[in-house]
DNA sequence: TTTTATAATAATGTCGACAATTTGTCAGGG
DNA sequence: CCCTGACAAATTGTCGACATTATTATAAAA
């Protein structure tokens, strides 16, 4: 998949007004999330600049964006490395998500319009998730959007989402939990329909907690 | 206050290993938070590069960091502007803080050592807050650190804290609430001492909610 | 007068080259 | 044999100049 392909695929950006740096960022972001650039590996500026046929300035710009969404860690005068989260750090993210997405669910129950709920339900229908890591096709992100809290949306999307996608790829997408997760999604959907914010939050928190526990179990059995 | 002064003052960075870009970032960050660069104003690369006597490359790097901590918004091919939050967006931040810092308080009640609690108490003592906007001298951030959740710490510090400082400056530091806020802090401190996470969360959430309501009232009376 | 097209201006985006710092290597001494 | 120090190689940081895009000013046409 080439540079441009990913960009049009990911409608976070409009096609026309994308700078080289943004394209490189999108490509690197994709490569890191998919594991093509392994966790912990070094990001060599000269090497990648040559690979993409861009200047180091553009590449450095892209690396800055990667750092902003927590996909790489930069050390001054040393360089950038792809993040490699410890088990504890992964669980920390789940703890944050529980608080944040629980809040989102509560707000969404009040804020979402009926048509928005319909769209969310549709999204739930093909929960096989043909585009598993497309943020626009994601039940959780739909609820976050539905909260109508832009700051919340921003934190989840730009600071946590890519990281989570990355580890979902690495850990094999928690395949064994797909069916139970779908059921939990359905229950949350019902609570939203009933405009029951309290229940929606409770169910969302439990849903994320169960995911975390599943991950925790998987990690322990390695 | 010169470029370097801020850097040693803010021990987020070590003095020696600070690149030019980091220094410019620190200076701009400080200037924006203090309102010396007004909200909504444009960030001119040539102008500021001349002002600081650095190249545009370094300045652009600094702007990228400002964008990462939400102090400026960048539009491709147009430039960066200092953020100017609407009333709603400001309240959104409080909503997020309520969820996040509430969680932090709950965890801190379990995770903090006795000596850490002592330090926090000391910090509470001179709550006149001689360095009101120094993150290291902040009761709230002390609790966030005490939660031992690095992801949480990172989100609060790098994504929200600067924004909040900025608006605390603009809105006059919610002066009328200083004494009641101090009392609420003391109550939270007690709950932490008792290792009562549930109560600590409840009190912290209420504390932030009261701050938000105070701000809300101030905004409505303008 | 208003609108539109065009040209001048100034900004951002990008590039290649140089400077400063870190890392790796190797010789010498303990 | 290990440790220390200096040297060499490679990488990151910084710079000035050029290319591209947006904005403004101008002028022509409706």
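Is it true that residue B:55 is within 11 Å of DNA strand D (Cβ to nearest atom), modelled with pLDDT of 95 or more and within 29 Å of residue A:73 (Cα to Cα)?
It is true that residue B:55 is within 11 Å of DNA strand D (Cβ to nearest atom), modelled with pLDDT of 95 or more and within 29 Å of residue A:73 (Cα to Cα).
Give the residues of segment B:25-50 that are within 14 Å of DNA strand C (Cβ to nearest atom), part of a helix (DSSP H, G or I) and either surrounded by 13 or more Cβ atoms within 10 Å (Cβ to Cβ) or within 14 Å of chain A (Cβ to nearest Cβ) (or both), sorted by residue number.
Selection gives B:28, B:45, B:48, B:49.
May I ask you to verify whether residue A:96 is in a loop (DSSP other than H, G, I, E, B) and crowded, with 18+ Cβ neighbours inside 10 Å?
For residue A:96, the condition - in a loop (DSSP other than H, G, I, E, B) and crowded, with 18+ Cβ neighbours inside 10 Å - is not met.
Residues are listed down the side, and each one gets a yes or a no for (1) in a helix (DSSP H, G or I); (2) modelled with pLDDT of 90 or more; (3) under 20 Å from the mean Cα position of the chain (by Cα):
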{"residue": "A:120", "(1), (2), (3)": "yes, yes, yes"}
{"residue": "A:131", "(1), (2), (3)": "no, no, yes"}
{"residue": "A:158", "(1), (2), (3)": "yes, yes, yes"}
{"residue": "A:177", "(1), (2), (3)": "yes, no, yes"}
{"residue": "A:185", "(1), (2), (3)": "yes, yes, yes"}
{"residue": "A:200", "(1), (2), (3)": "yes, yes, no"}
{"residue": "A:209", "(1), (2), (3)": "yes, yes, yes"}
{"residue": "A:222", "(1), (2), (3)": "no, no, no"}
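Are any residues in segment B:63-81 more than 10 Å from chain A (Cβ to nearest Cβ) and under 18 Å from residue B:23 (Cα atoms), and if so, which ones?
Hits for segment B:63-81 are B:66, B:71, B:72.
In segment A:68-88, how many residues are under 11 Å from residue A:163 (Cα atoms) and either within 16 Å of DNA strand D (Cβ to nearest atom) or in a helix (DSSP H, G or I) (or both)?
Number of matching residues: 4.
Return the total of residues in segment A:188-201 being surrounded by fewer than 18 Cβ atoms within 10 Å (Cβ to Cβ) and farther than 13 Å from residue A:121 by Cβ.
Of the residues in segment A:188-201, 4 are surrounded by fewer than 18 Cβ atoms within 10 Å (Cβ to Cβ) and farther than 13 Å from residue A:121 by Cβ.
Taking into account only those residues within segment B:72-93 that are in contact (Cβ under 8 Å) with a residue 12 or more places away in the chain and within 16 Å of DNA strand C (Cβ to nearest atom), which is surrounded by the most Cβ atoms within 10 Å (Cβ to Cβ)?
Going through the qualifying residues, I end up with B:72.
Suppose the filter is in contact with a helix residue (DSSP H, G or I) (Cβ under 6 Å, 6 or more places away or on another chain), part of a helix (DSSP H, G or I) and crowded, with 16+ Cβ neighbours inside 10 Å; does residue B:204 pass it?
Against the criterion (in contact with a helix residue (DSSP H, G or I) (Cβ under 6 Å, 6 or more places away or on another chain), part of a helix (DSSP H, G or I) and crowded, with 16+ Cβ neighbours inside 10 Å), residue B:204 qualifies.
So, residue A:172, is that one in contact with a helix residue (DSSP H, G or I) (Cβ under 9 Å, 6 or more places away or on another chain) and outside any helix (DSSP H, G or I) or not?
yes
Of the conditions (1) part of a loop (DSSP other than H, G, I, E, B); (2) more than 16 Å from DNA strand C (Cβ to nearest atom); (3) farther than 21 Å from residue B:171 by Cα, residue B:54 clears all except one; give me its number.
Exception for residue B:54: condition (2).
The values are calculated or read from the model by the stated rules, or taken from the named source; none is laboratory data. Predicted model, so just to flag it, every value in this text is computed and none were measured. Here the Cβ is made from the backbone with ideal geometry for all residues, glycine too, and neighbour counts use every protein chain on show.
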